[in-house]
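Below you'll find the structure, written out as structure tokens, and then a few comments.
The values are calculated or read from the model by the stated rules, or taken from the named source; none is laboratory data. Since this is a predicted model, take the numbers as computed values, not measurements. Here the Cβ positions follow ideal geometry from the backbone for every residue, glycine too, while neighbour counts run over all protein chains shown. SASA here: full protein model, heavy atoms, side chains in, ligands and nucleic acids out. Shrake-Rupley method; radii C 1.70, N 1.55, O 1.52, S 1.80 Å.
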Amino acid sequence: MNTPAQDLLLNRELGLIEFNRRVLAQGEDETLPLLERLKFLCIVSSNLDEFFEVRVAWLKDNAQHNPGRILADGNTPGSTLERVTDAAHKLVAGQYALLTDVILPQLREEGIVFLRRREWTAAQQAWIQAFFFRELMPILTPIGLDPAHPFPKVLNKSLNFAVELEGRDAFGRASGIAIVQAPRILPRVIRLPAEVCDGNPNTFVFLSSILHAHVHELFLGMTVKGCYQFRVTRNSELTVEEEDLKNLRTALQGELRHRQFGQAVRLEIADTCPAHMEEFLLTQFNLQPQDVFRVNGPVNLVRLMQVPDLVERPDLKFPAFVPSLPLALQNKANLFDAVRQGDLLLHHPYQSFQPVIDLLNLAAIDPQVVAIKMTVYRTGTDSVLMDSLIAAARAGKQVTVVLELMARFDEEANIGWASRLEDAGAHVVYGVFGYKVHAKMLMVVRREDGLLRRYVHLGTGNYHPRTARLYTDLGLLTCNEDIASDVNDIFVQLTGLGRASKLKQLVQSPFSLHGTMMAAIAREAEHAKEGRPARIIAKMNALLEPQIIHALYRASQAGVKIQLIVRGVCALRPGVPGLSDNITVRSLVGRFLEHPRVFYFYNDRAEDLYIASADWMGRNFFRRIETCVPILDARIKRRIIKEALRLGLTDNVNAWEMQPDGSYRRKGGRGKAMCAQQALLAEYVRQG
């Protein structure tokens, strides 16, 4: 089939909007606990923040400076920006309609109340007024606009209020507008004491409501004609030029200071904001009318994510659970002994992340451990893993940490860890400039019977204990000599200088992963042409790399059965007659964020299986350092095929099927409901 080139690939940004539609659908799902539905609604806002900070900012920059550029789907940045903006407006409108018309009323029915100002009783008004003068007034700084006070620098994603004024102040100034910035240390949701709410402990008011009610206290002697909340989103991509680089950490710290004041890309305002005030704000931020998002509610729904943690209502949340441990670790007192007996697979969050924590804790205190090496991409500002590395370094172990300073939005936390690790005596390196270190590797070197043995953990997710309870990921614990040798060689690459060595088992970006995947896809196509069974199953977060997509199209045309589980954005068109008849794409969106990367090739019954840190995206193949490990243990291979692939392919609860035009339909189905995540919870965890 001769399909026009521009019709072979779908648009990345529109695919991201589609993904957030699927997330919002979780908030709409009345079968889910109510407070969890609120969380999904907040997740959409968090996702959209990053979408505008990165992807929309990129489109705007290219539309201005490279308007003739042709993107992968055949469109220009400008035309894409128009389509994306329109789709985003529709998504946000649906999001706020869900909040105001469904979620908040249903929460109220459950006794979880967000009071509007007109509902405040006299007792509540008195408490709120006292709260304002005690907690807010001392730290608020109103800025009246006049020649001596120009429009202030507004921080990225901060809550602000544009206040219209009438009259003259103490100095005779008659400025009609002031800006009030709400410091980020202030909570956006305030719980009222039960004694002023008829004993209800779950009565809240928004910070914006309190400021609206008392903003006049900041402008004594003047009349407040209006007060309108707004929030600006800015380009947050960091740029460090190699030719100007002497010290990456110092250069990055300088860039981080500028991130808060990058080019504005979106303006969120209250739907009550008058047209003239909207025009004024647009002018200040150099934005266009289409960049404005009018909302009926708080301009930052991400801050509502704290509400479920404030409310003690287990009946409105997912059931708590206790992750299990592999049987080998339940019966072995020593983790090293267990790994020597055979490879161990950890499937998070159904199985605990604790063995990874224990491995580092044990390594830090075990006198036989001589060295620890680890990559760090995202680990959070408070990490027991980093504490163990620091303790190991202080105990005299040789500790080497390859810490990725350019992990987007985690740069500041990672800079902090770099300083603490160095102060403890650890060797900290930042990888290779221009290539993000996204590989998830941990190696412990231990002296046993006079010889050095290497214990290795390779994972698909970050070394982050908190997200290990929210993301589904796979981790392999092994002391296989070939794998351990490969891991050591990669660490030598990252910390030293020299050519990449040929690895025995691991596949690595940017050197061999793309070629290995392309060859495996081509091999399945050849097998299909020869009349042999051929099959590919791949699970990942995103599929965007054009060469891989075209290889999959060719394999489909050769007769290969291809089943893709792509949680997020997918640029491949499935089910197009003559092009991708044999390809299906599904997305799983549920309680946990599906995060593992698993690649299966039938290979004439050999059933080659890999787990990886990399998605099938250009950045992962060519601009990042990634690891992909073959699963050699037959028992573990069968388990991954079942748990990560087959269950996902039979799910009819959380599954969405992708259509040739890039839209998605919820799978559903007759007969018994089958939810992959729930099945694994039932198999592995103890409900608590």
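Are there GluC sites (Glu not before Pro) in region 460-568 that DSSP puts in a loop and that have at most 11 other Cβ atoms within 10 Å, and which ones?
Working: sites: Glu481, Glu524, Glu526, Glu530; in loops: Glu530.
Qualifying residues, ordered by number: Glu530.
Rg then Dmax, both in Å and based on the Cα atoms of region 1-72: 16.6, 49.
Semi-axes, largest first, in whole Å: what does sqrt of 5 times each Cα gyration tensor eigenvalue give for region 578-641? If you can, show how the numbers build up before the last one.
Details: eigenvalues 79, 68, 52 Å².
Listed largest to smallest, the semi-axes of region 578-641 are 20, 18, 16 Å.
Mind jotting down a quarter of the surface of the convex hull over the alpha carbons of region 114-165, in square nanometres, one decimal?
On the way: hull surface 22.2 nm².
Mean shadow area of the hull around the Cα atoms is 5.5 nm².
Listed by chain and number, the lysines placed with their C-alpha closer than 30 angstrom to that of Lys317 are Lys39, Lys90, Lys157, Lys539, Lys642, Lys667, Lys672; residues fewer than eight positions away on the same chain are left out. The convex hull around the C-alpha trace of region 377-521, projected and averaged over every direction, spans 10.2 square nanometres. The heavy atoms of Thr272 offer some 100 square angstrom of accessible surface to a 1.4 angstrom probe. Estimated purely from DSSP H runs of n ≥ 4, each contributing -39500 (n - 2.57), the mean residue ellipticity at 222 nm for the chain is -10000 deg cm²/dmol once divided by its residues.
Using only side-chain charges placed at the Cβ, +1 for Lys and Arg and -1 for Asp and Glu, the dipole size of the chain relative to its Cα centre rounds to 1160 debye.
Of the trypsin sites (Lys or Arg not before Pro) in region 637-688, the ones in a loop by DSSP (not H, G, I, E or B) with at most 15 other beta carbons within 10 Å are Arg670, Lys672.
Across region 374-450, Cα-Cα distances exceeding 19 Å account for 32% of all pairs. For Phe293, the accessible area of its heavy atoms, probed at 1.4 Å with every protein chain present, is near 10 square angstrom.
Helix 275-285 axis versus longest C-alpha principal axis of the chain: approximately 50°, rounded to the nearest ten.
I'd like the carbon and sulfur percentage of the solvent accessible area for the chain, probe radius 1.4 Å, heavy atoms only, ligands and nucleic acids excluded. Don't jump to the answer; show the numbers that get you there.
Values: 14500 of 29130 Å².
Roughly 50 percent of what the probe reaches on the chain is carbon or sulfur.
Close amide H contacts of Ala371 (hydrogens built in the peptide plane, cut-off under 5 Å, sequence separation of 5 or more or a different chain): Gln398, Val445. Here, the chain has an Rg and a Dmax of 27.2, 89 Å when only alpha carbons are counted.
What fraction of the DSSP beta bridges in the chain is antiparallel, stated in percent and rounded to the nearest 5?
70 percent
Spatially, region 298-312 and region 568-604 are offset by 33 Å when compared through their Cα centroids. As I understand it, the value is the acute angle between the Cα axis of helix 77-98 and the longest principal axis of the Cα atoms of the chain; what does it come to in degrees, rounded to 10? Rounded to the nearest ten degrees, it is 70. Within region 559-675, the ratio Rg/Rh, alpha carbon atoms throughout and Rh by Kirkwood, equals 0.96. Given q = 0.13, 0.18, 0.22 Å⁻¹, what are the Debye log10 I(q)/I(0) values for region 477-569, with equal point scatterers placed on the Cα positions and solvent ignored? Those come out to -0.60, -0.92, -1.05, one per q. Hydrodynamic estimate: the Kirkwood radius of region 198-239 over Cα pairs, inserted into Stokes-Einstein at 10 °C and 1.306 mPa s, corresponds to D of 114 µm²/s.
Distance from the alpha carbon centroid of region 13-32 to that of region 632-688 works out to 18 angstrom. Taken over the Cα atoms of region 539-620, the convex hull encloses 94 Å³ per residue. The calculated pair-distance distribution of region 1-152 uses every alpha carbon pair, bins of 5 angstrom beginning at 0, and gives 2, 7, 12, 12, 10, 11, 14, 12, 9, 5, 3, 2, 1, 0, 0 percent.
Size descriptor for region 494-540, Kirkwood hydrodynamic radius: 13.0 Å (Cα pairs only, one decimal). How tilted is helix 411-424 with respect to the longest principal axis of the chain? Cα atoms for both, answer in degrees (0 to 90, nearest 10). The angle comes out at about 60 degrees.
Work through the residues other than Val445 whose Cβ is under 15 Å from its Cβ and net out their charges, Lys, Arg +1 and Asp, Glu -1.
Numbers: positive: Arg340, Lys373, Lys397, Arg446, Arg447, Arg453, Arg454; negative: Asp366, Glu448, Asp449, Glu481, Asp486, Asp489.
After counting each charged neighbour, the total is +1.
Over all directions, the projected convex hull of the C-alpha atoms in region 616-676 averages 6.5 nm² in area.
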